[in-house]
């Protein structure tokens, strides 16, 4: 978002906002902007979870609407943008957080599952950005996509997921170069191991939780608000000279492979 006056509205669309990282992003923006915020939050359906996020945003003073649609349908991204624009009166930023996984060995992966992952994780993000281009150019706004550390390194057994997230990272770099002359900033973030409502069942096993914390150089897995804080930064004027970057948010895990070689001297 470009720098704005203190009383100017902040107009945003966040997809995948029903729970987890998407909900944390929406609520972080609500706490940051309060009554200035006009926000459209989208989920696959307008169920109880999305309604609860909307209610929390309203309690923070934000004007909020809920939207729904399956992003595997190529007509849905443009509709979501049109509905968000109509409610917000334009757009200063879009957060493309919605995504899906489909664990499966590549040797047995169904082509239809490959196509669905790429449709939601890559094509839908492009179509959201494409539909929002005019509004973001008018506001000199920002577009942020949530990718994954699995798109930065192979993740065996995850089927098309790593390939789709790698494609998403490159899509954002491409958009950033093409759209910078219009004043639109495009970036992505790549979370690693993040503890959310969606992954909570894994962390209920204390042994697994402790081991995951141990292998992260910072000594802990991430929280959804860790990601939300970085997304909020990338949307704001403090990131006004940043484009085409992918910020890996994994506490250093992805870069720590060489430190795990047995027999190496320890630095600490």
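Listed values, structure above:
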item	result
Residue 221 being over 28 Å from residue 92 (Cα atoms) and either in contact with a strand residue (DSSP E or B) (Cβ under 7 Å, 6 or more places away or on another chain) or modelled with pLDDT of 95 or more (or both)	yes
Among residues of segment 50-75, those that are under 18 Å from the mean Cα position of the chain (by Cα) and more than 28 Å from residue 8 (Cβ to Cβ), counted	5
Residue check, residue 68 surrounded by fewer than 21 Cβ atoms within 10 Å (Cβ to Cβ), more than 19 Å from residue 188 (Cα to Cα) and modelled with pLDDT of 95 or more	yes
Strands (runs of 3 or more DSSP E) contained entirely in segment 4-114, each with at least 1 residues that are in contact with a strand residue (DSSP E or B) (Cβ under 9 Å, 6 or more places away or on another chain), touching a residue at least 12 places away in the same chain (Cβ under 8 Å) and within 30 Å of residue 156 (Cα to Cα)	10-15, 37-43, 93-96
Flag if residue 134 is closer than 25 Å to residue 43 by Cβ and not in a loop (DSSP other than H, G, I, E, B)	yes
Filter result (in a helix (DSSP H, G or I), touching a residue at least 24 places away in the same chain (Cβ under 8 Å) and more than 14 Å from the chain's Cα centre (by Cα)) within segment 137-162	137, 138, 139, 161
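The values are calculated or read from the model by the stated rules, or taken from the named source; none is laboratory data. As the structure is a computational prediction, the values presented were derived from the model and not from experiment. Neighbour counts are summed over all protein chains in view; Cβ atoms, including those assigned to glycine, are modelled from backbone coordinates with ideal geometry.
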